[in-house]
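Here's the structure we're looking at; comments come further down.
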Amino acid sequence: EVVQRTERIAASDALQRMALEEDYSSYLDEARAQATAQRLDFVKLTKPDGTIISSAQWPAQFGYQDEWVARMGSSGIQEATLKREELPEDVALALVAVRTVTVGEKSIYVAGGLKLDKGFLASLELPEGMRVLLYPNLQPTFSAKALTAAEGPASHADALAPLIERV
């Protein structure tokens, strides 16, 4: 779904027009509009060098670099991949796809993604008796609070600490 939604953004008339522009200042809110239209938590529009044109999740990033988007856009990787997404007040784990919009000799990149959190877990259809947990902790020590289930903090999280620390 992340890939398909990102592809719909890349194919939109607005992005086709945007790719031809020299001045992107009129597109500062385009990422937010596209994120809303495609029900994505994250959308970034960048130049090929990773310079951010528009960001739905952090509009003040305009003009900053996102080297990850540039690297993914030029790599040809077509799958959605995990990305640590910096936010104004926090850091999130996201499933993100990147697509290139090319018109003539001009290009821009579209990065679209979903936040991986308890809401994402709740959206999954699992077989009976199975549960899925998410551990987005990027620190070297185990944190029971970081282990998340669809309904919130995971029960008996400490029992999984040895496994998580090995991984």
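The values are calculated or read from the model by the stated rules, or taken from the named source; none is laboratory data. Keep in mind that what you see is a predicted model, and the values were worked out from it rather than measured. FYI the Cβ positions are ideal-geometry reconstructions off the backbone, even for glycines, and counts take in every protein chain you see. Please note that ligands, DNA and RNA were not included when accessible areas were found on the heavy atoms of the full protein model with its side chains. Shrake-Rupley method; radii C 1.70, N 1.55, O 1.52, S 1.80 Å.
Atom-type composition of the exposed protein surface of segment 34-153 places 53 percent of the accessible area on carbon and sulfur (1.4 angstrom probe). Under the combined filter of DSSP loop state and at most 14 neighbouring Cβ atoms within 10 Å, segment 1-99 retains these GluC sites (Glu not before Pro): E1, E21, E22, E79, E89.
Here the translational diffusion coefficient of the chain follows from Stokes-Einstein with Rh set to the Kirkwood radius across Cα pairs; for 10 °C and 1.306 mPa s it amounts to 93 µm²/s. Note on Q4 and L87: the extension gain reaches 27.5 nm, defined as 0.36 nm multiplied by sequence separation minus the Cα-Cα distance.
Using helices alone, I'd like the mean residue ellipticity at 222 nm for the chain: each DSSP H run of four-plus residues gives -39500 (n - 2.57), total over residue count, nearest 500. Write out the running numbers ahead of the final one.
On the way: 6 runs with 48 residues, N = 167.
When only DSSP H runs of four or more count, the value is -7500 deg cm²/dmol.
Classify segment 46-114 as rounded, prolate or oblate, taking a ≥ b ≥ c as the square roots of the eigenvalues of its Cα gyration tensor: rounded when a/c is under 1.5, otherwise prolate if a/b is larger than b/c and oblate if not. The shape class here is oblate. Inter-part distance, segment 116-135 to segment 25-48, computed on C-alpha centroids, equals 27 Å. Computing FRET efficiency as 1/(1 + (r/R0)^6) for A14 and L124, where r is the C-beta to C-beta distance and R0 is 25 Å, gives about 0.20. For the pair D117 and A146, the difference between a 0.36 nm per residue extended length and the Cα-Cα distance amounts to 9.4 nm.
Per residue, how much space in cubic angstrom lies within the convex hull of the C-alpha atoms of segment 1-67? Kindly include the intermediate steps, with their values, before the conclusion.
Values: hull volume 5.6 nm³, N = 67.
So the per-residue hull volume is 84 Å³.
Counting 0.36 nm for each residue step from Q78 to Q139 and taking away their Cα separation leaves a gain of 19.1 nm.
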